[in-house]
Every structure is written in C-alpha cells, then in structure tokens.
Amino acid sequence: MGSLGDDFWDDEDVGQGFASAEGSRGASIERSGRPVGHRFDAPLRVCELDERLRASPPWAARGVELSRSHLVFRSRRMVYEGRLVVVVIDLIDDHPTVVCGRVVSCEYDEDGMHRIDVDFVEMPRGVSLAKMAGRSHRA
C-alpha cells in the first residue's frame, strides 16, 4: 500500500466548482450550468399535471428564484423530474399570473422542504385551470 505524498493535495483544487450562496444583486447558487435567476420571494400555488393534462389539487409553495427561462420554488411536496406543473404567482398588487413549466430538478432542501427548478414551457392545450381559480393559498 503506497503512501500519499505531499503532491497528492496539490493536484486537487479544493473549493472549485462551488458558487457563492449569494451572487451579485441577490442571485442564487448556480447549479451545474443552469442560468442564475434573481431572488424572488412570492407566494405560489402549484398544480402537477398528469399524463392526461388533468391538474392535481393545488398546494402552497414559495418562490426562490426567477429568470426569463425558469422558476425555482420551495415546497413541502416533491415533484418528479420531467413532470409538468402549473404555477400561479399571487402578487399583492396585481392579478395572479399563471405559468407552466417542466420540472428540471427536485432536491431535498431542509426542514422538510424541496427545492424545485422548473423551465418555462408553453401551456398545453386542453388544460383546465378550474381548480386553480379558487381562493389564494398563501405560503
């Protein structure tokens, strides 16, 4: 069994590949080549769409990060990668905004919460948003 020489530690760049927790202007951690959005703290309502484009009952979530191409939110409920979700963004001074996205990643965050990264996609035809039209569920 060979011993580790002093040059063993020189070959490894300790700390490389990790971005700071807070980038410029409140941006979040960059993960594996994903674009970094801007901090976005807003209550959300989320529905998962099944294969027949039927929406599940909505659940409350909280926005974390937003960009032109994706949304990251925290939720107690996990969602499998590749699934479609409909997200209602409840802003205080405006009408709710409805967006659709495909889950790119869902990772356990902390305290029973999951961090869900969603790429925006066009809303599929035939999606009924009747379940989403109810009262706002604040996160």
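Side notes on the structure shown:
- In terms of accessible area, using a 1.4 Å probe and ignoring ligands and nucleic acids, 77, 115 rank largest first as 77, 115.
- At most 12 other Cβ within 10 Å, DSSP loop - chymotrypsin sites (Phe, Trp or Tyr not before Pro), the range 71-110: 80
- Interchain or long-range residues, amide H under 5 Å from residue 105's placed H: 117
- Among 43-49, 119-125, 58-64, 98-104, the order from most to least packed when residues are scored by Cβ within 10 Å on average: 43-49, 58-64, 98-104, 119-125
- Average accessible surface area per residue within the range 73-129, 1.4 Å rolling probe, Å²: 60 Å²
- Here the gap between residue 122 and residue 69, fully extended at 0.36 nm per residue and compared with their Cα-Cα distance, gives a gain of 17.9 nm.
- Length-normalised contact order of the range 30-113 in % [C-alpha pairs under 8 Å, at least 6 apart]: 27 percent
The values are calculated or read from the model by the stated rules, or taken from the named source; none is laboratory data. All values derive from a computational prediction rather than experimental measurement. Positions of Cβ are generated from backbone atoms using ideal geometry, with glycine treated the same way; all protein chains shown enter the neighbour counts. Areas reflect the complete protein model, heavy atoms only, side chains present, ligands, DNA and RNA absent. Shrake-Rupley method; radii C 1.70, N 1.55, O 1.52, S 1.80 Å.
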